[in-house]
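As C-alpha cells, the structure follows; a few thoughts come after it.
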Amino acid sequence: MAEIVKKQPRRSGKRLVKGIIFLLICGVILGMLVYLPIFTLQEVKLTGSTYLTVDDILKVGDIYINEPLFKLETDKVAGRLLNDVRIEDVTVRRKLPHTLEVIVTERMPIATVVCNYGYLDIDKHGKILDSYKNLREMKIPMITGALIKDLYIGDDVKDEHVQKILDFLELLDAASLNKISEVAIVAENYIVAYTATERPVQIRIGALERLEEKAKLTQDFLRDLDTNPNAVEYVDFNYTAPFIKLYQ
C-alpha cells in the first residue's frame with residue numbers, strides 16, 4: 001500500500017503581508033522617536049579637558065545643538081576630533097535623552113622651544129601644539145640652544161637633544177616643572193636649567209644620562225629652595241654627590 005505524504009501547508013500570503021506591515025509600522029514609529037524633541041541634542045558634557053572647551057568640541061566635531069541625537073554617528077564624531085592635534089584620545093557616546101558625552105585625553109604642552117620664526121609649544125613626544133611669533137607669558141620651561149627650522153603645528157620636533165630634555169621634564173612633577181623657566185643646551189650633550197625665581201638659580205644637569213636620578217635630585221632641590229636660608233648660585237648634578245655653590 002503506497003504511503004500517503006501529507007503536504008505542508010504553504011505560508012499564507014496574508015500572514016506575510018501582515019509581517020511586512022508590522023515592520024513598516026515599527027520603522028515609522030522608530031523614525032518618529034528619533035526626531036522627537038526629547039531626543040535632540042541639548043548638552044555636550046566634556047570631561048578630561050584642561051584647555052579645550054565645549055565650543056572647541058562643537059566646532060571640531062561638526063556637532064550642532066538641537067540636531068537629532070540618534071543622527072550623530074559617534075565613531076565619525078570621534079574621528080573628526082582625533083584630527084585635532086590637541087587631542088590624543090577621545091571617547092564619544094550618547095547619553096539619553098539629550099546629552100553627548102565626550103571624554104578626551106589632551107596633548108599637554110610640556111615645553112616651549114625656540115624656532116627660526118618664533119616659538120613652538122610641544123608635548124612630551126615633541127608634537128607641536130601651537131606656534132607663534134611673539135613670546136607669551138610662560139608657565140612651562142623654554143628650551144633654548146636647539147636649531148629648529150620650518151616646523152609647524154602638527155609636526156614633530158625630532159632633535160635628539162630636545163627629545164632627551166622632554167624625557168627629563170616628563171619625569172618632573174607639575175610643581176617642579178612650573179619652577180623651571182629655561183633649559184639651555186650649552187654644549188653637545190650638556191644642558192643647564194634655570195629656576196623661575198627673581199634671582200635665577202642655575203641647575204647644572206650636565207650630560208643627558210641618569211635622567212631619573214637627576215630628575216629626583218632636581219625635584220628635591222626645587223622643593224627645598226624656597227625654605228633655604230642661603231642664596232644659592234648654582235647646583236651641579238654631574239657628580240655622584242650634588243654640589244651646591246652659594247653666593248659669597
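The values are calculated or read from the model by the stated rules, or taken from the named source; none is laboratory data. Note that the coordinates shown come from a computational prediction; the quantities given were computed from them, not determined experimentally. Neighbour counts run over all protein chains shown; Cβ positions are idealised from the backbone, glycine included. The area values use the complete protein model at the heavy-atom level, side chains included, leaving out ligands, DNA and RNA. Shrake-Rupley method; radii C 1.70, N 1.55, O 1.52, S 1.80 Å.
Are there chymotrypsin sites (Phe, Trp or Tyr not before Pro) in the range 172-248 that DSSP puts in a loop and that have at most 14 other Cβ atoms within 10 Å, and which ones?
Y239, Y247
Any chance you could give the angle, 0 to 90 degrees and rounded to 10, that helix 13-34 forms with the longest Cα principal axis of the chain?
Long axis of 13-34 versus the principal axis of the chain: about 30 degrees.
With label points built 7 Å along Cα→Cβ from the Cα atoms of N116 and N230, find their separation and express it in nm.
Result for the modelled spin labels: 4.7 nm.
I'd like the antiparallel share, as a percent to the nearest 5, of DSSP beta bridges with both residues in the range 193-248.
65 percent
So if the hydrodynamic radius of the range 139-187 is defined as the Kirkwood radius over C-alpha pairs, what does Stokes-Einstein give as its diffusion coefficient at 25 °C and 0.890 mPa s, in µm² per second?
Reported coefficient: 207 µm²/s.
Could you pull the Cα extents of the range 32-96 along its three principal axes, largest to smallest, in whole Å?
Projected onto the principal axes, the Cα atoms of the range 32-96 cover 38, 19, 17 Å.
My understanding is that a pair violates if its Cα-Cα distance is over 24 Å; which of K127/K149; K164/K214; K124/K214; K71/K127; K76/K158 do that in this structure?
K71/K127; K76/K158
Contour minus end-to-end for E188 and Y247, with contour as 0.36 nm per residue of separation and end-to-end as the Cα-Cα distance?
Taking E188 through Y247 to full extension adds about 18.5 nm, to one decimal.
For the range 97-202, give me the percentage of DSSP beta bridges that are antiparallel, rounded to the nearest 5 percent.
Roughly 75 percent of the beta bridges in the range 97-202 run antiparallel, per DSSP.
Go ahead and run the numbers for FRET between A207 and N83, Cβ-Cβ distance against an R0 of 41 Å, rounding to 0.05.
0.55
By how many nm would the segment from T240 to K158 grow when fully extended, if each residue of separation counts as 0.36 nm and the alpha-carbon distance is taken off?
26.5 nm
Could you grab the relative contact order for the chain? Cα pairs under 8 Å, six or more apart, rounded to a whole percent.
Value for the chain: 10 percent.
Select from the range 157-211 those trypsin sites (Lys or Arg not before Pro) which occupy a DSSP coil region and have at most 10 other Cβ atoms within 10 Å, ordered by residue number.
Sparse-neighbourhood loop trypsin sites (Lys or Arg not before Pro): K158.
Along Cα→Cβ, 7 Å out, is where each label goes; now give me the distance between the ones at E67 and D130 in nm to one decimal.
2.8 nm
Hey, with R₀ at 51 Å, roughly what FRET efficiency would R223 and R15 work out to, going by the Cβ-Cβ distance, to 0.05?
Computed FRET efficiency for R223 and R15: 0.05.
Just for the chain, what percent of DSSP beta bridges are antiparallel, to the closest 5?
Antiparallel: roughly 70 percent of the beta bridges in the chain.
Run the accessible area of the range 134-188 with a 1.4 Å probe and give the carbon-and-sulfur part as a rounded percent.
Of the solvent-accessible surface of the range 134-188, carbon and sulfur hold 48 percent.
Over the chain, average the accessible area per residue using a 1.4 Å probe and give it in Å², no decimals.
On a per-residue basis, the chain sits at 64 Å².
Just one of (i) 29.5, 113; (ii) 18.8, 75; (iii) 30.3, 126 is Rg and Dmax of the Cα atoms in Å calculated from these coordinates, so which is it?
Answer by label: (iii).
I want to make sure I understand the PRE zone here: with the label point 7 angstrom from the Cα of M108 toward its beta carbon, which residues in the range 155-193 have backbone N atoms less than 13 Å away?
Once the point is set 7 Å along Cα→Cβ of M108, 169-178 turn out to lie under 13 Å by backbone N, inside the range 155-193.
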